[in-house]
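> First the structure, which I've put down as structure tokens, then a few questions once you've had a look.
Taken together, the values in this text are just the output of simple stated rules run on the coordinates, not laboratory data. In this text, all values refer to a predicted model and were calculated from it rather than measured experimentally. Because the Cβ atoms are built from the backbone with ideal geometry, glycine has one as well, and the counts that use them run over all protein chains shown.
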Amino acid sequence: MTWTWFHRLGSPPYIYRLAGRLTPWFAWSAAALIVGGLFGGLLLAPPDYQQGDGFRILYVHAPTAWLSLMVYTWMGVAAAVGLIWRIKVAHALAAACAPVGASFTAVALATGSLFGKPMWGTWWVWTPRLTSELLLLFLYLGYMGLRASFDDIQRADRASAVLAVVGIVNVPIVHYSVVWWNDLHQGSSLSLAGKDTIALSMLVPLLVCLLGFTLYFGAIVLVRLRAEILLRERAAAWIREVLA
Amino acid sequence: MFQFHSFSQFLAMGKYAAYVWPSYGLTLLVVGLNIAWARGLLARAQLEARRRLATQEGHA
């Protein structure tokens, strides 16, 4: 078995070009899925028997909350790879993830608040799910703040990577908080093992939205990754070629 | 097929309009902002790299 494909993943010019080629595929499929999924969620899915039409917030709340966790996982794993194998592209990926993850964590909290007010009667409660999600936002902001405090990008990469890796422990806590503790937050509607607790006509638009937002993140992070690679490859000859 | 019989009924969202529409508005706003931020970041990085290459050529 040859490992050349694996080594190419650490090559800045290869990744820069590949990211550029992949971006439109991610972007356009994401646009189609998000439009289709939100259309289905707003117009085709039946109202919830308890939450009425208010449950339609789920179609933006669940995908943004999913992004908040998925993006952090990418960021933490990329930072770990960067630390262990000293791969510049991995650090660039971690740095590219942070602002996207932070903004969608804020949206997940805000849409959750807008969901909580009519359903629970309060904008906020200090339950494990909400508190750990707020901690997730602070981890993102701490990571970005720490990076901003260094002038040297290599030192910023290494220092912030440690924080990103340590913060990964919070990801399963957010996810399993509604299982481990008796949280006011409802449990997951989706399950890989066993039965989903949601009707098919509600489920399909939700899955379409989740996939759409995931691909959307792919498109955004590929664009940001190219920028982060350029910032780290100051004197490389290949930059002359790709910018020509 | 559609769950609403009129556009005004759709806008009313049961009695949840004040919660549903801000959620969708905020989400789509941040979706749009992230597109603009990412493109701006790449455009700035490319411009900076071009400038750097130009100065290097000037010194050579």
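> Kindly write out, for the range A:150-166 in residue order, the coupling ³J(HN,Hα) from the Karplus curve 6.51 cos²θ - 1.76 cosθ + 1.60 (θ = phi - 60°), rounded to whole Hz, with x marking Gly and Pro.
Coupling constants for the range A:150-166: 10, 7, 7, 5, 5, 5, 4, 4, 5, 5, 5, 4, 4, 4, 4, 5, 4 Hz.
> Could you give P(r) for chain A, binned at 5 Å from zero, as whole percent values over all Cα-Cα pairs?
Result returned by the calculation: 1, 6, 12, 16, 17, 15, 12, 9, 6, 4, 2, 0, 0.
> A follow-up question, please. Enter the angle in degrees (range 0 to 90, nearest 10) between the Cα long axis of helix A:128-148 and the first principal axis of the Cα atoms of chain A, meaning the one along which they spread out most.
Tilt of helix A:128-148: around 20 degrees.
> Give me the number: length gained by fully extending A:VAL35 to A:ARG240, i.e. 0.36 nm times residue separation minus the C-alpha to C-alpha distance, one decimal in nm.
Full extension of this stretch gives 70.0 nm more.
> Once both labels are modelled 7 Å past Cα along the beta-carbon direction, what's the A:LYS117-A:TRP28 spacing in nm?
Here the modelled spin labels are 4.0 nm apart.
> I want to check the label-to-label distance for B:ARG39 and A:TRP181. Put each point 7 Å from Cα in the C-beta direction and report it in nm to one decimal.
Going by the 7 Å Cα→Cβ label model, 4.2 nm.
> Determine, at each q value in 0.24 (inverse angstroms), the log₁₀ of I(q)/I(0) that the Debye formula gives when each Cα of the range A:70-139 is one equal point scatterer.
Each listed q maps to, in turn, -0.96.
> Could you calculate the contour length gain from A:LEU146 to A:VAL125, that is, 0.36 nm times the residue separation minus the distance between their Cα atoms, to one decimal place in nm?
Stretched out fully, the A:LEU146 to A:VAL125 stretch lengthens by 4.7 nm.
> About its Cα centre, how strong a charge dipole does the protein assembly as shown have in debye, to the nearest 20, once Lys and Arg get +1 and Asp and Glu get -1 at the Cβ?
Values: 23 positive and 13 negative charges, 169 e Å.
Roughly 820 debye for the protein assembly as shown.
> A follow-up question, please. Would you please give the FRET efficiency between A:TYR14 and A:THR73, computed as 1/(1 + (r/R0)^6) with r the Cβ-Cβ distance and R0 = 22 Å, to the nearest 0.05?
According to the calculation, E is roughly 0.40.
> In whole Hz, what ³J(HN,Hα) sequence does the range A:67-79 give by Karplus (6.51, -1.76, 1.60; θ = phi - 60°), x for Gly and Pro?
4, 4, 7, 5, 5, 5, 4, 4, 4, x, 5, 4, 5
> Measure off 7 Å from each Cα along the Cα-to-Cβ vector at A:LEU43 and A:LEU200, then give the distance between these two points in nanometres to one decimal.
2.2 nm
> When Cβ neighbours within 10 Å are restricted to other protein chains, what is their mean count per residue of peptide A:145-151? Can you show the working numbers first?
On the way: counts 0, 0, 0, 0, 0, 0, 0.
Averaged over the peptide's residues, the number is 0.
> If we sort B:10-16, A:122-128 on the protection proxy, mean other Cβ atoms within 10 Å, highest first, what's the order?
B:10-16, A:122-128
> Relative to the first principal axis of the alpha-carbon coordinates of chain A, what is the inclination of helix A:88-120, with its axis defined by its Cα atoms, in degrees from 0 to 90 and to the nearest 10?
10 degrees
> Can you pull the mean other chain C-beta count within 10 Å for peptide B:26-36? The partial results should precede the final answer.
Numbers: counts 7, 14, 4, 1, 8, 12, 0, 1, 11, 5, 0.
Counting other chains' Cβ atoms within 10 Å and averaging over B:26-36 gives 6.
> Then there's this: For chain A, what relative contact order do you get, as a whole percent, if you take Cα pairs closer than 8 Å and at least 6 residues apart?
In percent, rounded to a whole number, it is 35.
> Rounded to the nearest 10 degrees, what's the angle between the helix A:200-232 long axis and the longest principal axis of chain A, both from Cα atoms, 0 to 90?
Taking Cα atoms only, the helix is inclined about 20 degrees.
> Within 10 Å, count the other beta carbons around each residue, average over each peptide in A:213-224, A:179-190, and list them highest first.
Those peptides, ordered most packed to least, come out A:213-224, A:179-190.
> What FRET efficiency, computed as 1/(1 + (r/R0)^6) with R0 = 25 Å and r the Cβ-Cβ distance, is obtained for A:VAL169 and A:LEU190, rounded to the nearest 0.05?
Efficiency computed from Cβ-Cβ geometry: 0.60.
> Once Lys and Arg get +1 and Asp and Glu get -1 on their Cβ, which of A:PRO46, A:SER188, A:PRO118 lies farthest toward the positive end of the dipole of chain A?
A:SER188
> If a/c stays under 1.5 just call it rounded; otherwise compare a/b with b/c (prolate if a/b is bigger, oblate if not). Do that for chain B, with a ≥ b ≥ c from the square roots of the Cα gyration tensor eigenvalues.
prolate
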